[in-house]
Amino acid sequence: MLPVKSYIEHFVGIWRESSGSVPDFQRSYSSEEQIEREANFCRFQEKVKALQSKKTIRTLKEGDPGQSFFPVFRSFLEGVFDFEADQLEIILSDQFKNVSKDFFYRARKFGPELSPENIYQGIRNVWIMNGLQLMMGVPVEITPSVFAYSMIYPYSDNLLDDSAISGEEKLQFSRRFNSRLHGEKVTPQSHCESQLFRLVDLFEEQFPRHEFPKVYESLYAIQQGQTRSLELIKGNGLEGAAVREICFEKGGASVLADGYLVAGRLTSEQERALFGYGIYLQLLDDIQDAKEDSDSHTKTLFSCLSGSPALDSQVNCTIRFGRRVMEELRCFKGADMEVMLRLMNRSVETMIIESVGLNPQCYSEEYLQNLEQYSPLRFEFVRQKRSQSGSQRFALFRKYFKQVPVDVA
């Protein structure tokens, strides 16, 4: 089996060495610079509204929606978040745009019952796996396993997160799914399980079990991590070290599986580096969900500190930890690795800073003032625009979503 425990111990060591003081950032923003970027943000919103008109939607239906949207999106990334030209070449490259569109169509056909939000959830993982394809120097494409693993999230995560399903039912589902991952023939108990088992079929077609045993070890690892994460619900009296270990295991195993489902085989150095990257992304998710997790009594490294000054230093620790993790990814030798690492780290740190600004009740006033200077947008503006931009973000996608015919044959 994969040495998951060893990887957890390695990154716990890095976590403990990561200072809780505010880290240095690449650049800060004056109030005038933030106001300028806020004006650019508002202009982007107006352009998105224009793209939602009936006339424009009719044009999108007849052609490629990317032709209208991506030039607008590029100016948004440049004029608001200051992404560099070489980073935008990756984000907006034809290969990235084409795989997103390919995944969308395949997802619609595979799961016509899925909502736009569900498909967006899957696309997030597609982008992670596309980034790994670039890092590994393999074609950026939707392989059967990239599709299957990205579709697992909308099905299994939503089931495990559904408060209407009892803990015992979730455990029983986890046992059945674990049996199917181990190659056993299992009778699905619901449509959701049937879909998940079909996705496992796709893994087996691309990576025969006897030729790629570690692919399946990585899947067992993420399943075990997901199952253990159920212990975080309602706290169950877990102490900080146990919470950290479970969070690290779940996040690390998830991206390790991404890597194996992209490449089929990895070196031990690459395994460990991907495990660390997965931890960093899990910490980002937990920072973003700190308030919701606190309200639902789900323990993470951040939810149990909500409203405490200790949360300030915990976020700082995460940023410093992430920078160490990114250095370990240098073991991959794909083209433009330096650009990729800067893009990845910039993206995550931007989301962390935004998350702090969106949840001011969780942090000290001093920390909010300190971190705001590294945000391209003032925190008050971010909070004002969040719900509006969030709904707009899905509006165009929903309209396009409704135009795509679903072939269920």
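Here are 279, 246, 287: which of them is β-branched (Val, Ile, Thr), part of a helix (DSSP H, G or I) and within 26 Å of residue 333 (Cα to Cα)?
Result of the check over 279, 246, 287: 279.
Kindly list, by first and then second residue, each pair from a residue in the stretch 21-35 that is more than 9 Å from residue 374 (Cβ to Cβ) to a residue that is of a type in the set (Lys, Arg) and in a helix (DSSP H, G or I), limited to pairs with Cβ atoms under 7 Å and residues at least 6 apart or on different chains.
23/320
What number goes with the only condition from (1) modelled with pLDDT of 90 or more; (2) within 30 Å of residue 312 (Cβ to Cβ) that residue 26 does not pass?
Result: residue 26 passes all but (1).
If I filter the stretch 278-297 down to residues being within 19 Å of the chain's Cα centre (by Cα) and in contact (Cβ under 8 Å) with a residue 60 or more places away in the chain, which single residue comes out as farthest from residue 327 (Cα to Cα)?
291
Among the residues of the stretch 209-252, write down those that are of a type in the set (Ser, Thr, Tyr) and modelled with pLDDT under 90.
227, 229
Any residue that is under 17 Å from residue 156 (Cα atoms), of a type in the set (A, V, I, L, M, F, W, C) and either open to solvent by 20 Å² or more (accessible area, probe 1.4 Å) or out of contact with any helix residue (DSSP H, G or I) (no Cβ under 8 Å at 6 or more places or on another chain) (or both) - is there at least one of those in the stretch 250-259?
The first filter runs over the stretch 250-259 and keeps only residues under 17 Å from residue 156 (Cα atoms), leaving 250-251, 253-255, 257-258.
Those still in the list that are of a type in the set (A, V, I, L, M, F, W, C) too: 253, 255, 257.
Those left that are additionally either open to solvent by 20 Å² or more (accessible area, probe 1.4 Å) or out of contact with any helix residue (DSSP H, G or I) (no Cβ under 8 Å at 6 or more places or on another chain) (or both): none.
No, the stretch 250-259 contains no residue that is under 17 Å from residue 156 (Cα atoms), of a type in the set (A, V, I, L, M, F, W, C) and either open to solvent by 20 Å² or more (accessible area, probe 1.4 Å) or out of contact with any helix residue (DSSP H, G or I) (no Cβ under 8 Å at 6 or more places or on another chain) (or both).
Which numbered condition in (1) under 26 Å from residue 384 (Cα atoms); (2) open to solvent by 60 Å² or more (accessible area, probe 1.4 Å); (3) at pLDDT below 90; (4) not basic (Lys, Arg) is the only one that residue 113 fails?
Exception for residue 113: condition (1).
From the residues in the stretch 131-168 that are among the charged types (D, E, K, R) and under 21 Å from residue 293 (Cα atoms), which one is nearest to the chain's Cα centre (by Cα)?
157
Residue-wise test of (1) over 22 Å from residue 274 (Cα atoms); (2) touching a residue at least 60 places away in the same chain (Cβ under 8 Å).
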| site | (1), (2) |
| --- | --- |
| 217 | no, yes |
| 222 | no, no |
| 227 | no, no |
| 231 | yes, no |
| 238 | yes, yes |
| 246 | no, no |
| 250 | no, no |
| 257 | no, yes |
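The values are calculated or read from the model by the stated rules, or taken from the named source; none is laboratory data. As the structure is a computational prediction, the values presented were derived from the model and not from experiment. Here the Cβ is made from the backbone with ideal geometry for all residues, glycine too, and neighbour counts use every protein chain on show. Areas reflect the complete protein model, heavy atoms only, side chains present, ligands, DNA and RNA absent. Shrake-Rupley method; radii C 1.70, N 1.55, O 1.52, S 1.80 Å.
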